[in-house]
Structure formats: structure tokens, C-alpha cells
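Undergrad: My questions all concern the structure below.
The values are calculated or read from the model by the stated rules, or taken from the named source; none is laboratory data. Treat the numbers as computed from the prediction; the structure is a model and nothing was measured. Cβ atoms come from the backbone with ideal geometry, glycine included; neighbour counts cover every protein chain shown. All accessible areas refer to the heavy atoms of the entire protein, side chains included, with ligands and DNA or RNA removed. Shrake-Rupley method; radii C 1.70, N 1.55, O 1.52, S 1.80 Å.
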Amino acid sequence: MVDILNTILYGATGVRHWWTLPLIVALIHLSLERERLLSKHLYDSYVGNSAQPPAAGKCGEAERRARTLDGSCNNLDQPSMGMLGYRFSRNSAPEWVEDGSRLLVPNPRDATNKLMVRDTFKPAETLNLMSVAWVHFQVHDWMSHKRGVGTGEFIHVPLPEDDPWRPQQTEMLIPRGINDSQSGDDPKQHVSFANEQTHWWDQSQIYGTSPEINDKIRTHVDGKLKLDDDGLLFTDVDGMEVTGMKQNWWLGLALLHNLFTKEHNSICDYLKEHHPDMDDQELYDKARLINTAVNAKVHTVEWTPAILSDEIGYIALQSNWFGLENTFPDQKLLVDTLRATGILSHPSAYGIVGNPAKFYGVPFSLTEEFTAVYRFHPFLPDGITVVDSDTGHPINGEEIPLIDITFRKATSIMHNYKYKDLLATFGTQFSGAMVLNNYPKAMLDFTMPYDNPPTRIDLSTVDMIRDRERGVPRINNIRRSLGLPAFKSWEDLNPDPEVIAQMKSVYASVEDVDCLVGMAAEMPRPPGWAFGDTTFTVFVVMASRRLMTDRFLTDDFTPEYYTQEGIDWVRNATFKDILLRHSPELKDLLSTVSNPFAPWTFK
Ligand code: HEM
């Protein structure tokens, strides 16, 4: 049914790019596409393999009522689903998974030098640096593949003859990823990797996944988290903030970890006011549920529409949360009719949140393709200039290079500048665009400070190696594996003759183009979109799926679990209000802002 309708609406019309269809037709197409992808493009990494999911503890009353630290018991029928250590699944069927024989083909460092390295900064003029911080903050909630630092096992990437790192070195050593594969695994599936975070959207980056870290961040009074006398997160012995997850730490993460720790405490105050009988644990558990749902909502109805900045993106994302019914209240009859005839799915018509969970027959975990399409390192700028939030004037004049806002230097900046000025800086400065030759130079030559031994890496080469190591298909096979038409020629991927010439100097064929390079190269895109249709297709299936499968965002998004006040808090929450709650000094600057992930301007 879905296929037939989609063919009539899209294929048979001969329209090459679905987003050029009339709005309502494009929206119906999207709804049908999502059903098609969810029904056919979810592949569990445990099926056919000898490995078992990690063991979950017992799901008692406490685990039923609140999010657990290790993510177990979100699904009460299969308690280990999506928990810490659970394997990433895939959107591509096993036959599309790369087998590792092309790990160094073509040389990823050559691809970086020619196609990725930033020549001049290309801004994404519809996105600010806050949007970059935001997405990284969320990525740290969802995923972290284990790096094999200290195992002594490296992937040796030969440096091209004219490489800037020569003559000091002739190869780049990249610690191998640690895979979870076992001898009885199906060889067709190549390799499987486990997640060091929980797969659920549960703010584990703030709350931690172990009792030790969780204990360290909590006051154990009134449900609250620890903040110092300046209202900031405490500094740990490693020189960075005490918080749930702090890999690849930089100022953007520091700003948002502080913000949502403050927000947690505000939610605790509000709950205590309405429920003075709640003890520390209950306040903490409910505040975590609410804080998490707020993040999922802001991401869905504010961040994503900023990234997909047009009418289709806006309506599609509003209806993911609220349903088309509430997005177009005056079109209720049309929505009901389209639903009754099966043209619109239930989630498209009535929204995902608060409606029954849906699994499409496959246990939930995030996918390797989903990780691959979130490699948004070109969003990072070369540096920041801190501005005064009242005047917009630079403070201390000079730009602080990107490298000097990473790791413990980020924490120093948090203490050396005013929080409101740092927020204003991130609000007013542009993000980089996800296009070719826009990877920040600082990320192309840096040493991971906490690795032992320290490794000098170029993150773009590492990004490509990781995708290849994890069996992520090249861009054209991702398209085929998702049932999208392949790029038949270079021109199909990007019509610019100069870009084609440059790509041809690296890749023998359009079939070889890496996912990362393909994502940056893909043109045309819908106007206002930060990326192309291939990336978007992976988002369509996975962004919906992680909402649809989470008990606390579907079946149990109820007053019983959240309290009525909690449901109201989530319903009313906007990112602007959160910023203003914790930095009311930004009132003037934010007064003209409608989406806080688009650049703010001083009057
Ligand atoms: C200064 C800021 C950042 C630094 C220092 C940084 C550094 C890193 C490093 C070292 C890795 C792991 C490489 C490996 O596999 O060996 C990584 C992975 C990754 N980064 Fe970043 N990154 C930054 C910002 C961002 C941003 C803004 C995004 C946007 C979404 C992002 C998305 C990712 C993703 C999706 C991965 C793969 C995660 C996984 O393998 O599970 N990063 N980054």
C-alpha cells in the first residue's frame, strides 16, 4: 500500500526531487516514506549472531517509574533493549555492509587534503553556533563508540607524498575501534559495535550512566544537582566540569551542560512547590524525565526546523511531536480522512509523543548510519570572539582559536567570562556549513590530550576511517540500501565542474565516495536545508524511531509518571524561555528571536 501510494505520488509524477512537489503532496510523501523506511530498513545486530544483549537487572517498581542509569527497563518486555553496551543496529541490510577490504581505498587522508580541509570559512547563514553546541550535546546523549586507545592496535594511514605532515611522519596512526563481534557472528554482517552510552534519549550525558558519576553530580537534597557558588558546575580533578559525559569537551558543551543542570534544579523547585511531600529520589527522577522530554521537544520542534529551514521542515517536525492534527487544527477533517484511508500513518496524523510506542518488529537501538550522518564537524568555526551581551562589542578584542576553547581550556573560559556573554556569543556567531572544503583546520591536526599514548589525529580522516571500519556503505550504496535512486553520474551528486574535477582526483568512481564526503558534496538541497536528501532520509527514519520506541515519551508520557505539572512544563517549554530563565539579562537580545538556533542580532 505504502509503496503503491508513494509511486503514484512521487515516482510516477517524474519529479526528481520530492521537495519540489506541492506542499501537501510533499508532506504525504514524507509520511509514506517514513512508513516504508521503518518497515523495511531496520536490521538488528543480534539476529543471526551468537552474541547476546548485555544483561539487564530486574525491572521492579523503581525501574518502571523512572529512567535507569544504564537505560535498562525502558522496554519492560525486553529490559536490555537500548541499554548501555547494547549494539548499534543498521538501516542497511547485511548485503550492503562494507566488509573492511576497502579500509584505505581510496586514501582517506588524500580525500581530506583535497576535499575537506577548509580554505575559507563558509558560514551556514541560517544557523548559529548555539545550534552546533546543541547537536553535539545531544550526540553525547545518544552515542559513543569505544576507541581502542591503549590496545596498541592501530590503523596505519599512509600520508600522501605532498602531505603537510611530511617529512616528520609518513603515516597517521588511528587507534582501532573496539568491536563487539564474536566468533559465531554472521560474517555477512561484518562487524558490530556496542554503545558506551545508552541509546535512549535520556540525557545520560548529564546524569551519567554509572552510580559513581551519578552520585558525584547529585546533592541528594530535594532532587537537585550540584552547582558551585557561582551557579556553575564544579571542576573535576581532570580540569573539566563534573558531569555525566565529557568526551571531546569544548565550550559549547560546557554551556549546555551548565544550562540543563540549572534547568533540572528549576524543575525540582517547581515540583517541590506543587508536591511538598515528594522525597529527594522522586523529585530527581521526575525532574530527569521532564528535563529529558524538554530536550527531545526542543530538538524536534526547534533545532531540526532550524536545520531544515523551510515550510516542509517546519510542518514535518511540528507534526512529529504534535501531529498534523494539531499543526493544522483547521484541517482536522482532512487529516482524519487521510488517516482513515491509510494515506497518513497514525504518528503523522496524531503525533508520536503520548501515543502508543511502535517498534516495527525490531528492538530499538541507534544505527551505524545514524552515527555517520551526525558527523557535523564542518559546523565548527575556526574560533570565537566573545561579545558583550548588552552591546555586541567584542570583549578582549581577539578571536579565541577553536583549539583554545576545547577540553580544560573550555572550563577556564567558563570561569573567566560571564555566562550571559558566552551565550550571546554562541547565539550571534554563525555555524559553518556542511559543504566540501569547510572542515576546521584545528580539527585536522590535533592531539587527543587524554589518550595514552597521545595520538596526533586529523578528525576528517578519522571520520572516514570509522565509517569504513564500521561497515557503513559508501554514499551511493547507502542510497541503494535505503531504496533511494543511486547517483548515476558525478553530476547527479554535485553539478559543479570544479567540484567534480576535485572529486575525480581522489575517487575512481562516484561509487567510491565516502558517506562523509558525499554528505558535504550532495547538491542540490531543498533551499534552507543544512544537508541533502541522503542524510535527511536517515534522519526521517531514526529521528522518529527514537521517539516512537521510548516508553517514557509514548505510553508513559502521562501525569502518572511526570505529574500533571511535569506534562505542562514540557508542553510549555521553549528553548528561548530556558535561556531567559537562567540568563534573564538576555531579554533584549532575544526579544526579536523566534528560533534561538538561527543567528541572533543586536539592535
Ligand atoms: C571541538 C569540538 C569537537 C571535538 C574536539 C570533537 C572530537 C571528536 C573525536 C575525537 C571523535 C572520535 C573520533 C574517533 O572515533 O576516534 C569524535 C566523534 C564524533 N563527533 Fe566530534 N568533536 C567535536 C564536535 C562535534 C560536533 C559539533 C558534532 C556534531 C554533531 C560532532 C559529532 C561527532 C560524531 C557523530 C562522532 C562519532 C561518535 C561515535 O563514534 O560514536 N562532534 N569527535
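Undergrad: Does PRO495 satisfy the condition of being out of contact with any Ser or Thr (no Cβ under 8 Å at 6 or more places or on another chain), open to solvent by 30 Å² or more (accessible area, probe 1.4 Å) and more than 14 Å from the ligand (Cβ to nearest atom)?
TA: yes
Undergrad: Scanning for something without any contact (Cβ under 8 Å) to a residue 40 or more places away in the chain and on the phi < 0 side of the Ramachandran plot, does the range 27-42 turn up at least one residue?
TA: Narrowing the range 27-42 to residues without any contact (Cβ under 8 Å) to a residue 40 or more places away in the chain: 29.
Narrowing the set further to residues that are on the phi < 0 side of the Ramachandran plot leaves 29.
Checking the range 27-42: at least one residue is without any contact (Cβ under 8 Å) to a residue 40 or more places away in the chain and on the phi < 0 side of the Ramachandran plot.
Undergrad: Here's another thing I want to ask about it. Mind telling me which of the residues MET414, MET448 ends up being among the hydrophobic types (A, V, I, L, M, F, W, C) and either modelled with pLDDT under 95 or within 12 Å of the ligand (Cβ to nearest atom) (or both)?
TA: MET448
Undergrad: Still on this structure, please answer the following. How about the range 520-560: which of its residues are hydroxyl-bearing (Ser, Thr, Tyr) and assigned to a loop (DSSP other than H, G, I, E, B)? Give the steps one after another, and end with the answer.
TA: First, pick out the residues of the range 520-560 that are hydroxyl-bearing (Ser, Thr, Tyr): 534-535, 537, 544, 549, 554, 558.
Across the range 520-560, the qualifying residues are THR549, THR554, THR558.
Undergrad: For the range 30-89, which positions are of a type in the set (D, E, K, R), more than 28 Å from SER345 (Cα to Cα) and open to solvent by 10 Å² or more (accessible area, probe 1.4 Å)?
TA: If the condition is that a residue be of a type in the set (D, E, K, R), more than 28 Å from SER345 (Cα to Cα) and open to solvent by 10 Å² or more (accessible area, probe 1.4 Å), then LYS58, GLU61, GLU63, ARG64, ARG65, ARG67, ASP70 are the ones that fit.
Undergrad: If GLU273 satisfies all but one of (1) within 16 Å of the ligand (Cβ to nearest atom); (2) outside any loop (DSSP other than H, G, I, E, B); (3) without any contact (Cβ under 8 Å) to a residue 40 or more places away in the chain, what's the number of the condition it fails?
TA: Just one mismatch for GLU273, condition (1).
Undergrad: Still on this structure, I have one more. Confirm whether VAL335 is out of contact with any Lys or Arg (no Cβ under 7 Å at 6 or more places or on another chain) and modelled with pLDDT of 85 or more.
TA: Judged against the criteria, VAL335 is not a match.
Undergrad: Please find, among TRP600, TRP569, the residue that is under 30 Å from LYS418 (Cα atoms) and in contact with a Gly (Cβ under 6 Å, 6 or more places away or on another chain).
TA: From the options TRP600, TRP569, the qualifying one is TRP600.
Undergrad: Among the residues in the range 325-340, are any crowded, with 22+ Cβ neighbours inside 10 Å, at negative phi, among the aliphatic types (A, V, I, L, M) and in contact (Cβ under 8 Å) with a residue 24 or more places away in the chain? Even if it seems obvious, please write down each step before you answer.
TA: So the first thing to find is which residues in the range 325-340 are crowded, with 22+ Cβ neighbours inside 10 Å, and the list is none.
No.
Undergrad: Another one. Would you be able to tell me the number of residues in the range 46-98 that are under 21 Å from the mean Cα position of the chain (by Cα), closer than 14 Å to LYS188 by Cα and part of a loop (DSSP other than H, G, I, E, B)?
TA: Of the residues in the range 46-98, 1 are under 21 Å from the mean Cα position of the chain (by Cα), closer than 14 Å to LYS188 by Cα and part of a loop (DSSP other than H, G, I, E, B).
Undergrad: Mind checking which residues of the range 393-411 are assigned to a strand (DSSP E or B) and within 15 Å of the ligand (Cβ to nearest atom)? Show your work before the answer.
TA: First, pick out the residues of the range 393-411 that are assigned to a strand (DSSP E or B): 394, 400-401, 406.
Within the range 393-411, ILE400, PRO401, THR406 meet the criteria.
Undergrad: Which one is modelled with the highest pLDDT among residues in the range 4-55 that are farther than 21 Å from LEU484 by Cβ and among the β-branched types (Val, Ile, Thr)?
TA: Among those that are farther than 21 Å from LEU484 by Cβ and among the β-branched types (Val, Ile, Thr), it is VAL47.
Undergrad: May I ask you to list the residues in the range 452-461 that are assigned to a loop (DSSP other than H, G, I, E, B) and open to solvent by 20 Å² or more (accessible area, probe 1.4 Å)? Steps first, answer last, please.
TA: The first filter runs over the range 452-461 and keeps only residues assigned to a loop (DSSP other than H, G, I, E, B), leaving 452-455, 458.
If the condition is that a residue be assigned to a loop (DSSP other than H, G, I, E, B) and open to solvent by 20 Å² or more (accessible area, probe 1.4 Å), then ASN452, PRO453, PRO454 are the ones that fit.
Undergrad: I'd like the full set of residues that are open to solvent by 20 Å² or more (accessible area, probe 1.4 Å) and of a type in the set (Val, Ile, Thr), limited to the range 422-451.
TA: Within the range 422-451, THR428, VAL435, THR447 meet the criteria.
Undergrad: May I pose another question? Of all residues in the range 341-389 being in contact (Cβ under 8 Å) with a residue 60 or more places away in the chain, surrounded by fewer than 22 Cβ atoms within 10 Å (Cβ to Cβ) and among the hydroxyl-bearing types (Ser, Thr, Tyr), which is farthest from the ligand (Cβ to nearest atom)?
TA: SER345
Undergrad: Same structure again: Please specify each residue of the range 523-536 satisfying the condition of being touching a residue at least 40 places away in the same chain (Cβ under 8 Å), open to solvent by 10 Å² or more (accessible area, probe 1.4 Å) and under 21 Å from ARG480 (Cβ atoms).
TA: The initial filter retains those residues of the range 523-536 that are touching a residue at least 40 places away in the same chain (Cβ under 8 Å), namely 524, 526-531, 533-536.
Adding the requirement that they be open to solvent by 10 Å² or more (accessible area, probe 1.4 Å) leaves 524, 527-530, 533, 536.
PRO524, ASP533, PHE536 - these are the residues of the range 523-536 that are touching a residue at least 40 places away in the same chain (Cβ under 8 Å), open to solvent by 10 Å² or more (accessible area, probe 1.4 Å) and under 21 Å from ARG480 (Cβ atoms).
Undergrad: Would you be able to say whether some residue in the range 112-124 is within 15 Å of the ligand (Cβ to nearest atom), assigned to a helix (DSSP H, G or I) and either open to solvent by less than 40 Å² (accessible area, probe 1.4 Å) or at pLDDT below 95 (or both)?
TA: There is at least one residue in the range 112-124 that is within 15 Å of the ligand (Cβ to nearest atom), assigned to a helix (DSSP H, G or I) and either open to solvent by less than 40 Å² (accessible area, probe 1.4 Å) or at pLDDT below 95 (or both).
Undergrad: If a residue must be under 22 Å from TYR562 (Cβ atoms), aliphatic (A, V, I, L, M) and open to solvent by 10 Å² or more (accessible area, probe 1.4 Å), how many such residues does the range 288-316 contain?
TA: Matching residues across the range 288-316 total 1.
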